[in-house]
1. Closer than 21 Å to G188 by Cβ, in contact with a helix residue (DSSP H, G or I) (Cβ under 6 Å, 6 or more places away or on another chain) and of a type in the set (A, V, I, L, M): does that describe A4?
2. For residues that are touching a residue at least 12 places away in the same chain (Cβ under 8 Å) and among the basic types (K, R), scanning just the stretch 76-110, find the one that is least open to solvent (accessible area, probe 1.4 Å).
3. How do the pairs read when you match residues in the stretch 44-68 that are closer than 18 Å to L118 by Cβ and modelled with pLDDT of 95 or more with residues anywhere that are outside any loop (DSSP other than H, G, I, E, B) and open to solvent by 40 Å² or more (accessible area, probe 1.4 Å), using Cβ under 7 Å and keeping only pairs 6 or more apart or on different chains?
4. Does any residue of the stretch 169-191 turn out to be modelled with pLDDT of 95 or more, within 20 Å of R42 (Cβ to Cβ), more than 15 Å from ligand 2 (Cβ to nearest atom) and not polar (S, T, N, Q)?
5. Would you pick out the residues in the stretch 4-31 that are farther than 20 Å from I97 by Cβ and away from ligand 1 (no atom under 11 Å from the Cβ)?
6. Those residues that are open to solvent by 70 Å² or more (accessible area, probe 1.4 Å), assigned to a loop (DSSP other than H, G, I, E, B) and either aliphatic (A, V, I, L, M) or within 19 Å of Q72 (Cβ to Cβ) (or both), I need them from the stretch 23-56; list them, please.
7. Which residues, counting only those in the stretch 29-43, are closer than 17 Å to E62 by Cβ and in contact with a His (Cβ under 8 Å, 6 or more places away or on another chain)?
8. With respect to the numbered conditions (1) within 16 Å of ligand 1 (Cβ to nearest atom); (2) touching a residue at least 40 places away in the same chain (Cβ under 8 Å); (3) in a loop (DSSP other than H, G, I, E, B); (4) not acidic (D, E), which one is the sole condition not fulfilled by V161?
Amino acid sequence: KPQAIVFDLDGVITDTAHLHFLAWREVAAELGIVIDEVFNDRLKGISRGESLLRILRHGGKEGVFTQAEREQIAARKNALYVDSLRSLTPEAVLPGIKELLTTLRTEQIKTGLASVSLNAPAILQALQMTSLFDFCANAALIRRSKPDPEIFLAACNGLHVNPRACIGIEDAQAGIEAINASGMRSVGIGSTLTGADLLLPTTEFLTWPRLSAFWQLDK
Ligand code: G6P
Ligand code: MG
């Protein structure tokens, strides 16, 4: 069996992507930039600062703001986002995830989190999921966003496991690319992803028997 399974947060553990979208949409509108859910897909797995740069580029406002102004805009988005997180309860955990993490405990497979969100620890707390993870990579120490493998490698490092003996789970294209580049085997959630070693339509299909069969088949 695999030594560890490393999870992305937004879109895999809980669906905070929509809350990120609402906050960015409001901030973008204040700058006269319109973004929709299709554009938002390209922000998944991308850090806060890099997301803002992409939004500004999308609106043709690249180079309009100074670094200090951009930091203020990003802080405003985060304030809106953190405010919306108050509505987050354990019920917001996506279907099958809690069962999977609990089973991984009994199977003695290590569990890790690889989210570039600086809010990840607070989100796990709100979901009452903190104790189900052996190690959460510290987003503050990550220099390169997905698709760079840095955060997945940091998670494996913290778990003291070899990436080649692990599975990574992602719902974003940049995330699948990050997992593949790390040497882990990739599991994608969603129908529009390419390059995942295993693709499942929703988290409901994410069960230990399914992952175990995948691990053995691929060997
Ligand atoms: C995740 C989300 C991104 C978000 C990033 C940073 O990767 O998919 O949409 O921009 O985290 O989140 P933060 O909470 O630090 O702004
Ligand atoms: Mg995600």
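The values are calculated or read from the model by the stated rules, or taken from the named source; none is laboratory data. This structure is a prediction, so every number in the text was calculated from the model and none was measured. Heads up, the Cβs are rebuilt from the backbone with ideal geometry, glycines too, and the neighbour counts pull from every protein chain shown. We work out accessible area using only protein heavy atoms, side chains counted, and drop any ligands, DNA or RNA first. Shrake-Rupley method; radii C 1.70, N 1.55, O 1.52, S 1.80 Å.
1. yes
2. K77
3. What qualifies is L52/R70; R54/R42.
4. So far as the stretch 169-191 goes, yes, one or more of its residues are modelled with pLDDT of 95 or more, within 20 Å of R42 (Cβ to Cβ), more than 15 Å from ligand 2 (Cβ to nearest atom) and not polar (S, T, N, Q).
5. Selection gives L22, R25, E26, V27, A28, A29, E30, L31.
6. Once the filter is applied, which keeps residues that are open to solvent by 70 Å² or more (accessible area, probe 1.4 Å), assigned to a loop (DSSP other than H, G, I, E, B) and either aliphatic (A, V, I, L, M) or within 19 Å of Q72 (Cβ to Cβ) (or both), the stretch 23-56 yields only V34.
7. Selection gives I33, I35, F39, L43.
8. Failed condition: (1).
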